[in-house]
Amino acid sequence: MNNFRNRYRSRRYKAHVSLVGTTQLHLRSPFTIALWSVAFPGFGHLLLNKYLRGYALVVWEMFINQKIHLNLAMVYSFNGQFQAAREVLDPRFMSLYIPVYLFAIWDSYRTAVDINKVYLLAHRENSRFSTYSIGAFEINYLDKRPPWLAAVWSMGIPSTGQLYLHRIILAFFTLAYTIILIAQSRLLLAIHHLILGEIKAASAVVDPQWLMYVPSFYFFTIYDAYTTSVENNKLFVDEQRNFLLRNYQPAGTVIPAGSKVE
Amino acid sequence: MQIFATFEHSTFLEMAISELESKGIRGIYALPLDSRQGQARLIDSLHRADGTSFVDKGFILAFMFSTIGASKGFVWAWGPVIWGLIGAGTGFLLGVLINAAAFYLKNRKLKRRKIKGLKSEVILIVTCEEGQSVLAEDILWDHFALGMAKTK
């Protein structure tokens, strides 16, 4: 149940607080968004709160990467073993990868540019939007949350930063991916060996094809939690300003300038 | 009698207002302030994510260097995890340094004082009877007013 009915007939809303998450328009650097799509197709879209597109692209990327062994080819290429890279790539699906990869980068860039325009219009229109939501399953409201705390939770285990910010569906998706990546890459096993000082065993135990997903995924979740929290706070401030202006500036108020008393 | 108090934007501010109202104090006037702007600030830009943020480059370079480091780690002695972490740290620091350098070059000429700590974002002016002023003052302090003065 929202605290909001759409009787204001606004043209654009800059945010929506729903049971499962807070969706928000804000200014973004299109270049940064495009670079996150370079890291992992779909991440740019997730940063733009375009979740269905983002999930589709992320799932596709992992499917096709597993099919053609792109990550392994990357590991070989970075180490100058170009013949091994050639051999490990599976040509059957290889060309399927490229168009979708480029599309993800281009589309996230384009969408970021568009959403910036929409944001400016929505910001000037300054219409009211749903700021509170309570229902059988969840409660969501605007609040200030320290960005560093969201980032630290995400560093601990990706998805908790998102949960802290009440991006429930993104958190669920992120947690599922974290578990799959950790299980398949055996990263924690490698860290366990490292802690015991067994460097050789640690290198031997990880699976390169799966491990190579981890860096971009891990830093994405921290970055997402951090920036989302910053923007969430700005939204809170903006909404509270509007609330105060609408309700606590009664017309005809005269404030006499007295002198200070102790 | 007037009480002038400044606050940060927070839920406590609304709690203060609603508590004043529940005690029958009705003369409440709120004035949200515009924040100091003009120049990009390295520290303040932490609170922005519109392309001027200085963590953007850090995180992007962290994932790039970490990916390359982890790849090289399959051949280099210390293994993929350690090299991945070294790459991440190097990338992040490099990104932050690039931004710090850009910030320094941009702001070399503009030397303005930075504002640290809590900022006054709202002025709240409560008009009430003299008998209620102590109560109102307590309510405002209890909800984290940053500063306050009474006038008569």
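The values are calculated or read from the model by the stated rules, or taken from the named source; none is laboratory data. Source: prediction; values computed, not measured. Glycine also receives a Cβ, built like all others from the backbone with ideal geometry; neighbour counts cover every protein chain displayed. To get the accessible areas, we keep the full protein, side chains included, count just its heavy atoms, and leave off ligands, DNA and RNA. Shrake-Rupley method; radii C 1.70, N 1.55, O 1.52, S 1.80 Å.
Among the numbered conditions (1) closer than 30 Å to A:Lys14 by Cβ; (2) over 13 Å from the mean Cα position of the chain (by Cα); (3) more than 7 Å from chain B (Cβ to nearest Cβ), the only one that A:Leu245 does not meet is (3).
The residues in the range B:54-73 that are facing chain A (nearest Cβ under 7 Å) and modelled with pLDDT under 80 can be counted, and the count is 2. With a requirement of 3 or more residues that are surrounded by fewer than 19 Cβ atoms within 10 Å (Cβ to Cβ), of a type in the set (A, V, I, L, M) and modelled with pLDDT of 90 or more, the helices (runs of 4 or more DSSP H) lying completely within the range A:1-92 that satisfy it span A:51-68. For the range B:93-107, the count of residues that are in contact with a helix residue (DSSP H, G or I) (Cβ under 8 Å, 6 or more places away or on another chain) and either within 12 Å of another protein chain (Cβ to nearest Cβ) or on the phi > 0 side of the Ramachandran plot (or both) is nonzero.
Looking at A:Asp114, A:Asp107, just one residue is of a type outside the set (Val, Ile, Thr) and loosely packed, with under 15 Cβ neighbours inside 10 Å, and that residue is A:Asp114. For A:Ser133, all conditions in the list (1) open to solvent by 20 Å² or more (accessible area, probe 1.4 Å); (2) polar (S, T, N, Q); (3) away from chain B (no Cβ under 12 Å); (4) touching a residue at least 60 places away in the same chain (Cβ under 8 Å) hold save one; what is the number of the exception? Unmet for A:Ser133, out of (1) open to solvent by 20 Å² or more (accessible area, probe 1.4 Å); (2) polar (S, T, N, Q); (3) away from chain B (no Cβ under 12 Å); (4) touching a residue at least 60 places away in the same chain (Cβ under 8 Å): (1). If the condition is being at pLDDT 75 or above, open to solvent by 60 Å² or more (accessible area, probe 1.4 Å) and assigned to a helix (DSSP H, G or I), then the range B:95-132 contributes B:Leu97, B:Ile98, B:Tyr104, B:Leu105, B:Glu130, B:Gly131. I'd like to check something: does the range A:185-208 contain any residue that is within 24 Å of the chain's Cα centre (by Cα), without any contact (Cβ under 8 Å) to a residue 24 or more places away in the chain and in a helix (DSSP H, G or I)? Yes - at least one qualifying residue is present in the range A:185-208.
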